[in-house]
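The values are calculated or read from the model by the stated rules, or taken from the named source; none is laboratory data. The structure presented is a predicted model; accordingly, all values stated were derived computationally and were not measured. Heads up, the Cβs are rebuilt from the backbone with ideal geometry, glycines too, and the neighbour counts pull from every protein chain shown.
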Amino acid sequence: MHPYKRSKRLGVLLREEVADIILNKIKDPRLGFITVTDVELSDDLRNAKVFVSVLKEEERTQSLQILNEAKGFVRNEIAKRLRIKIIPTFEFLIDESIEHGFKIDKLLKEIKKNSEDI
């Protein structure tokens, strides 16, 4: 018995493959600097949420739109690369966790600064 679910193991593999496809295969000059941060697969392996981070905030909506338009291409490339029975359908989403982490870090620094002033 594996220590974690198949959807988690396949999600890690898909994250690497999708990142490689975005970096090397999608040739759209409007696409910003993108990092694939996570892939969440449903338990039946039919749906995959791909979380991406875009470096420039003003390029987020355009980059997300380009990725969602290219999800059929990404699915086709995954089908060529991986030998799995079910190829998931992809949905690209912006990963808000990095921004959330920066906000928490900023608040903690402010609290530390205020406690030192007292």
Practice item. Working only within the stretch 54-71, note down all residues that are modelled with pLDDT of 90 or more, touching a strand residue (DSSP E or B) at 6+ places or on another chain (Cβ under 8 Å) and of a type outside the set (A, V, I, L, M). Key: Ser63, Asn68, Lys71
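Kindly establish whether Glu91 is under 23 Å from Gly32 (Cα atoms) and touching a residue at least 40 places away in the same chain (Cβ under 8 Å). Step through it out loud before you land on a result.
Numbers: under 23 Å from Gly32 (Cα atoms): yes; touching a residue at least 40 places away in the same chain (Cβ under 8 Å): yes.
For Glu91, the condition - under 23 Å from Gly32 (Cα atoms) and touching a residue at least 40 places away in the same chain (Cβ under 8 Å) - is met.
Looking at the stretch 71-108, which of the residues that are of a type in the set (D, E, K, R) and touching a helix residue (DSSP H, G or I) at 6+ places or on another chain (Cβ under 8 Å) is surrounded by the most Cβ atoms within 10 Å (Cβ to Cβ)? Spell out the reasoning first.
Going through the stretch 71-108, the residues of a type in the set (D, E, K, R) turn out to be 71, 75, 77, 80-81, 83, 85, 91, 95-96, 99, 103, 105-106.
Adding the requirement that they be touching a helix residue (DSSP H, G or I) at 6+ places or on another chain (Cβ under 8 Å) leaves 77, 81, 91.
Details: Glu77: 20, Arg81: 13, Glu91: 14.
By that ranking, first place goes to Glu77.
I'd like to check something: does the stretch 104-118 contain any residue that is outside any helix (DSSP H, G or I), out of contact with any Leu (no Cβ under 6 Å at 6 or more places or on another chain) and farther than 28 Å from Ala19 by Cβ? Lay out the reasoning, then the answer.
Of all residues in the stretch 104-118, those outside any helix (DSSP H, G or I) come to 118.
Still in the list and also out of contact with any Leu (no Cβ under 6 Å at 6 or more places or on another chain): 118.
If we keep only those that are farther than 28 Å from Ala19 by Cβ too, we end up with 118.
For the stretch 104-118, residues outside any helix (DSSP H, G or I), out of contact with any Leu (no Cβ under 6 Å at 6 or more places or on another chain) and farther than 28 Å from Ala19 by Cβ: present.
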Practice item. Give me a count of the residues in the stretch 1-51 that are of a type in the set (A, V, I, L, M, F, W, C), in contact with a helix residue (DSSP H, G or I) (Cβ under 9 Å, 6 or more places away or on another chain) and within 17 Å of Leu64 (Cβ to Cβ). Key: 12
Review point. Out of (1) among the hydrophobic types (A, V, I, L, M, F, W, C); (2) at pLDDT 85 or above; (3) more than 11 Å from the chain's Cα centre (by Cα); (4) farther than 17 Å from Gly11 by Cα, what's the single condition that is false for Val74?
Key: (4)
Study note, to complete from the structure: Those residues of the stretch 1-39 that are within 16 Å of Arg75 (Cβ to Cβ), touching a residue at least 24 places away in the same chain (Cβ under 8 Å) and surrounded by 13 or more Cβ atoms within 10 Å (Cβ to Cβ) come to a total of 11
